[in-house]
Amino acid sequence: MHTLNPMMRRSLVWGAALTAALLMSAGCSGTPGRSPTDTTPSSEVSRVTGTPNGPFTLGRGQGFDTSGAFLSITTCDSPHDYSPGLTFANVPLGTAQLALSMVDLQNNKIHWLQIDIPATAPGLQTHTLTPGARELLNDFGEATYDGPCPPAGHTHRYRLTLYALKAPLPKSFGEHSSPRASLSDIQSRSAATAVLVAPYTRH
């Protein structure tokens, strides 16, 4: 378990460490770190007005290797445990907000719940909370990202799901709910989903 407040933990060391680690492991440049001021929910809703040119898609950004697996810097094997970058494509017409979940397919644990993502966002940057978005409690008791952490010598697969919501979530959404109840509620409100599955092996 982390001993620091999750947002403090994320903002202490994001800069040089993230850039160096991603350059060494994936040949990518770093991205800005999380800021505690980024957690204020947005009062504005920007709906998608353009017609999609293809299927609703969730893709890999920084934080994955060339095989599609999580890099160690995005897992419990790193003291940073940075959230990965993701890309969004062809968000359905009329979407008001996006939400995201990450679930371990081997034990069904919820590692990440993020809501209030602007519908017009092109994706999520590594180790960055998009302005207006917020994170809900996960199954580790933290309102943050907790990366893959299978037992040593094992491979687990993690399903990341992007939800297109036709109406904004209430400002108090998830404040008094368990992670499972919050995820179930998000799923019930979703008009469309895009899914990405990525593995991680601990050595």
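Every read-out reported here was derived from the displayed coordinates using simple, explicitly stated rules and does not represent laboratory data. All of these numbers come straight from a predicted model, not from anything done at the bench. Cβ coordinates were reconstructed from backbone atoms using ideal geometry, including for glycine residues, and neighbour counts include every protein chain displayed.
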Leu100 neighbourhood, Cβ < 13 Å, K/R = +1, D/E = -1, net charge 0
Calculated FRET efficiency for the pair Ala152/Ala192, C-beta based, R₀ 41 Å, to 0.05: 0.60
Calculated FRET efficiency, Val45 and Asp185, Cβ-Cβ r, R0 25 Å, to nearest 0.05? 0.85
I want the local charge near Ser178. Using Cβ-Cβ distances under 12 Å, sum +1 for each Lys or Arg and -1 for each Asp or Glu among the other residues. -2
Please give the peptides 98-107, 183-192 ranked by average Cβ packing (other Cβ atoms within 10 Å per residue), highest first, as a rough proxy for protection. 98-107, 183-192
Computed lengthening from His203 to Thr120, 0.36 nm per intervening residue step minus Cα-Cα distance: 26.0 nm
Full extension between Thr87 and Asn107 adds, at 0.36 nm per residue less the Cα distance, a length in nm of 4.6 nm
